[in-house]
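Structure first, then comments.
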Amino acid sequence: MNKKELFNSIAKNYDRINDAISLYNHRFFRKKAINRIDKNSPKKILDLCCGTGDICRLLSKKYPDAKIIGVDFSANMLEIARKRLPDIEFIEHDIHILPFCNETFDICTISFGLRNVDDLQKVIKEIHRVLKPDGIFLNLDLGKPNKFWNIFLKPYMYVIVPILGKFANGSGLPLKYFVHSNETFPAPDKLKEIYSDFGLIQIQRFDYLFGQISCQICKKIMKNALE
């Protein structure tokens with residue numbers, strides 16, 4: 001089963017899975033992250049790996065006058081998102097090659113999706129391309145807890161999460177992928193370097209659950225400004 005098939009297969013239970021494995025905390029993390037964005041009167045906002053539309057909903061509440069577009073490769077996820085949020089445009093597309101012109105968006109967000117992409121650097125490059133100068137990029141995802149807390153959190157990820165996931169979805173398979181996908185995902189400090197390489201300069205970072213969850217907020221800097 002490839003990633004697209006996997007996410008299509010869990011779409012109907014996706015929100016239930018997130019509630020179960022995070023003990024409902026994912027809702028708090030997403031709301032806190034969006035509230036951290038400091039951007040006045042954005043006209044166009046892009047949410048990547050939008051899933052069933054949680055971040056789009058929060059963005060629409062914070063910026064009711066902005067045009068918000070959600071992009072995901074899962075048709076089943078988007079079907080749910082469109083029913084929930086009929087006023088928001090949702091596009092089925094691969095985020096490695098975004099179907100937008102250069103410098104289109106004031107804000108770009110991605111929540112618990114960056115660790116799932118096949119080519120991280122290609123996606124970051126695309127995000128920089130479609131953002132306007134001084135545009136804001138926000139990434140919310142799993143982080144790397146310190147060694148002390150990892151003693152407690154790692155068993156939760158490898159033992160409790162698959163059990164909760166099986167209860168919520170009826171199968172533990174997707175949750176095995178979820179757990180292992182974080183092993184090779186760069187730590188927030190490394191992500192900061194990658195962002196910078198592509199002209200996205202980190203301006204804020206917020207960690208939760210002793211580093212298990214991390215939010216990075218960056219600003220687009222034009223290449224000539226870095227020289």
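The values are calculated or read from the model by the stated rules, or taken from the named source; none is laboratory data. Since we're looking at a predicted model, the values are computed, not measured. Backbone-built Cβ (ideal geometry, glycine too); neighbour counts: all protein chains shown.
Can you spot a residue in the stretch 65-77 that is assigned to a strand (DSSP E or B), among the β-branched types (V, I, T) and touching a helix residue (DSSP H, G or I) at 6+ places or on another chain (Cβ under 8 Å)?
Yes, the conditions are met somewhere in the stretch 65-77.
Determine whether the stretch 79-93 contains at least one residue that is among the acidic types (D, E) and surrounded by 18 or more Cβ atoms within 10 Å (Cβ to Cβ). Steps first, answer last, please.
Initial filter on the stretch 79-93 (among the acidic types (D, E)): 79, 87, 89, 92.
From what is left, the residues that are surrounded by 18 or more Cβ atoms within 10 Å (Cβ to Cβ) are none.
No, the stretch 79-93 contains no residue that is among the acidic types (D, E) and surrounded by 18 or more Cβ atoms within 10 Å (Cβ to Cβ).
When you go through (1) in contact with a strand residue (DSSP E or B) (Cβ under 7 Å, 6 or more places away or on another chain); (2) basic (K, R); (3) at pLDDT below 80 one by one for K223, which number turns out not to apply?
(1)
Looking at (1) within 18 Å of the chain's Cα centre (by Cα); (2) outside any strand (DSSP E or B), can you tell me which one F90 breaks?
(2)
Could we say that I97 is touching a helix residue (DSSP H, G or I) at 6+ places or on another chain (Cβ under 6 Å) and either assigned to a strand (DSSP E or B) or surrounded by fewer than 23 Cβ atoms within 10 Å (Cβ to Cβ) (or both) here?
Criteria not met by I97.
Given the structure, is F7 assigned to a helix (DSSP H, G or I) and at pLDDT 90 or above?
Considered against the rule, which asks whether it is assigned to a helix (DSSP H, G or I) and at pLDDT 90 or above, F7 comes out as no.
Specify which of the listed residues (L140, L120) is at pLDDT 95 or above and under 12 Å from the mean Cα position of the chain (by Cα).
Within the list L140, L120, the selection yields L140.
Please indicate, with yes or no, whether at least one residue in the stretch 61-68 is surrounded by fewer than 23 Cβ atoms within 10 Å (Cβ to Cβ), within 26 Å of I17 (Cβ to Cβ) and out of contact with any Ser or Thr (no Cβ under 7 Å at 6 or more places or on another chain). Don't jump to the end; show me each part of the working.
First, pick out the residues of the stretch 61-68 that are surrounded by fewer than 23 Cβ atoms within 10 Å (Cβ to Cβ): 61-67.
Then keep just the ones that are within 26 Å of I17 (Cβ to Cβ); that gives 61-62.
Filter again for out of contact with any Ser or Thr (no Cβ under 7 Å at 6 or more places or on another chain), leaving 61-62.
Yes, the stretch 61-68 has at least one match.
Can you tell me which residue in the stretch 193-220 is modelled with the lowest pLDDT, limited to those that are assigned to a helix (DSSP H, G or I) and crowded, with 17+ Cβ neighbours inside 10 Å?
G211
Return the residue satisfying two criteria in turn: it lies in the stretch 32-57 and is under 13 Å from the mean Cα position of the chain (by Cα) and assigned to a helix (DSSP H, G or I), and of such residues it is farthest from I88 (Cα to Cα).
Checked the stretch 32-57; the qualifying residue farthest from I88 (Cα to Cα) is A33.
Checking F29 against (1) modelled with pLDDT of 95 or more; (2) surrounded by 15 or more Cβ atoms within 10 Å (Cβ to Cβ); (3) outside any loop (DSSP other than H, G, I, E, B); (4) of a type outside the set (S, T, Y): exactly one of these is not met. Which one?
Failing condition for F29: (1).
Which residues, taken from the stretch 10-35, are aromatic (F, W, Y) and either under 23 Å from C108 (Cβ atoms) or in contact with an Asp or Glu (Cβ under 6 Å, 6 or more places away or on another chain) (or both)? I'd like the intermediate steps shown before the answer.
At the first step, the residues of the stretch 10-35 found to be aromatic (F, W, Y) are 14, 24, 28-29.
Result: Y14, F28, F29.
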